[in-house]
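The values are calculated or read from the model by the stated rules, or taken from the named source; none is laboratory data. Bear in mind that the values here come from a model prediction, so they are computed numbers and not experimental data. Quick reminder, even Gly has a Cβ in these numbers, built from the backbone with ideal geometry, and neighbours come from all protein chains shown. Surface accessibility is based on the protein's heavy atoms, side chains included, excluding ligands, DNA and RNA. Shrake-Rupley method; radii C 1.70, N 1.55, O 1.52, S 1.80 Å.
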Amino acid sequence: MEYAFLTGTVLVAGVVFAVIAQWRDWRPPIVVAVVVGVAVRVLLLFTAAHDSWQPVDFVESFKPAGEAVLNGQDPVLASEGGWHFLPTIPYVYGILLWLGIPWEYAGRLVTVVADIVLIPLVAKLAGGPKASLRALQYALNPLALLVACIHGQVEPVALVFGVAAFVVARGPGPHDRAGVTTRVVARVRRGVTAYGWRASVYRVLGPGGMLRRALTPGPTDRADLKRACLAGLLMGLALCAKSWPIWLVPGMLLLLPHLRARVAALFMTGLVPLFFLVTLPVFAGTTLQQIPEVIKTIQDIRPIVGEWGWTPWFTGGNWELRADLAKFGTNLIYACVVGVIFLWRRADPIDMTTAILLIFMVVTPRLGAQYLLWFMPFLIARPTRFAWPAIIGGSAWAAYGYLYMTQFDVDTWWFLHSQWSRASIVLLPLLFVAMPWGRRVASRLTAAPDEATGRARVTSAV
């Protein structure tokens, strides 16, 4: 890589500036954060496009997918299985190539634009008085710059729709699940205090009770359903970019106010990928007989391990097809995610999502450096005590692979890779302690007397 020193200087300067901003509590206007983010991304986009080194998958997988769309072919089948996702992003690649934009720019333009849009979305996700600080810190995030500008991986596209779904699902104002739970419990307790258990059950289950009102739409419920459908649409688009945003769905659903809104959002989330699948014959030239083959190719994930975490210590730091390790690691992911959902069931849904994504990184048997971007918007928006050690550690590990290892020939690269992949195990404790352990409960219920009536009322304290 010819521009490694310049890129590394920009990344280090960005980290230093972000840490100083945290220390001095700088809160610039959102527009300043966006301008800074645009400036550094345009600079790195230009240098990466003119570099003689280009990522292998960027050239051999992403580009053929865009060319296939341009030629009226299915990108999954025409690129010989190089593209394992729905053709949503290859459609955009094809349009940019049709406009005559060189691939070195066109392939990165998609991810850079998405990453720029993420900057104000992180501020929206954070909320509160420090929202603009969080936007600036994401604008300078070194891993985001590497993935979007250097690698051209599509993680920012999946994230921009996923984070937008969270912002829409939460809605305007302080819509936190803990507050809703507090109000419901308060009503039940007031009913028990005033009428006894039998009357309180009637208030919940009887005609006109809480359950009937939850199932009967009202004027405000229609607005909730519209918001839920829009959130589901955005999450569906995230799944069209890549399959991993499935881990974001539980948090999005919990941000919605009631069951009907969650059902509507879940329906829309599944409908969008289905639309892109069934329209393949229209937009990608896929025959009806080829659709099962497309589905099989999308679902086919080879059990390649040895890049990250604990599996390189079983493979000598090299890539290997190890179905046994992949199966064990996949089952471990499912078990740990279930455990995280249980432990963070009373937490803010954003914190629960951060915990899910971080525990995935800790136990996964296979990972590309771009995967580490998954949790970055959430962890930056709502940082924990060890957030910045995890952010800097993950970014430094990825930068070593992107900037230093690419300076050498193939044999030297493989030698360095065996050490680099095994060294990633030191990051697992950092990611584990960076989980929002102190925020497993968003609020606690405390009894306080109501000065007007003298009765006990329920309040929440974070």
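The P(r) of segment 333-379 has a tail past 18 Å containing 27 percent of all C-alpha pairs.
Spin-label model, Y334 to L6: label points 7 Å out along the Cα-to-beta-carbon direction sit 4.9 nm apart. Available extension along the chain between V59 and L274 is 74.6 nm, counting 0.36 nm per residue and deducting the alpha carbon span. Compactness check for segment 47-180: Cα Rg over 2.2 N^0.38 Å is 1.22.
Between K226 and I291, the C-beta separation translates, for a Förster distance of 56 Å, into a calculated FRET efficiency of about 0.95.
For the peptides 311-320, 103-112, 263-272, residues were scored by their other Cβ atoms within 10 Å and the scores averaged per peptide; the highest-first order is 103-112, 263-272, 311-320. Highest average first, the peptides 227-240, 387-400 ordered by how many other beta carbon atoms sit within 10 Å of their residues are 227-240, 387-400.
Quick one: which of K63/K327; K242/K296; K242/K327; K130/K242; K296/K327 span more than 24 angstrom between C-alpha atoms? Exceeds cut-off: K63/K327; K130/K242. Put simply, the C-alpha atoms of segment 24-90 give a gyration tensor, and the ellipsoid matching it has half-axes of 35, 16, 10 Å, longest first.
Solvent-accessible area per residue for segment 1-97 at a 1.4 Å probe radius, Å²? Result: 48 Å² per residue. Here the ratio of the Cα radius of gyration of segment 216-360 to 2.2 N^0.38 Å is 1.30. Taking every C-alpha pair closer than 8 Å and separated by at least 6 residues, the mean separation divided by the residue count of segment 53-139 gives a relative contact order of 20 percent.
Ranked by the mean number of other Cβ atoms within 10 Å of their residues, highest first, the peptides 49-62, 404-417 come out as 49-62, 404-417.
If a spin label sat at a point 7 angstrom from the Cα of D25 along the line to its beta carbon, the backbone N atoms of segment 114-156 nearer than 12 Å would be those of 129-130.
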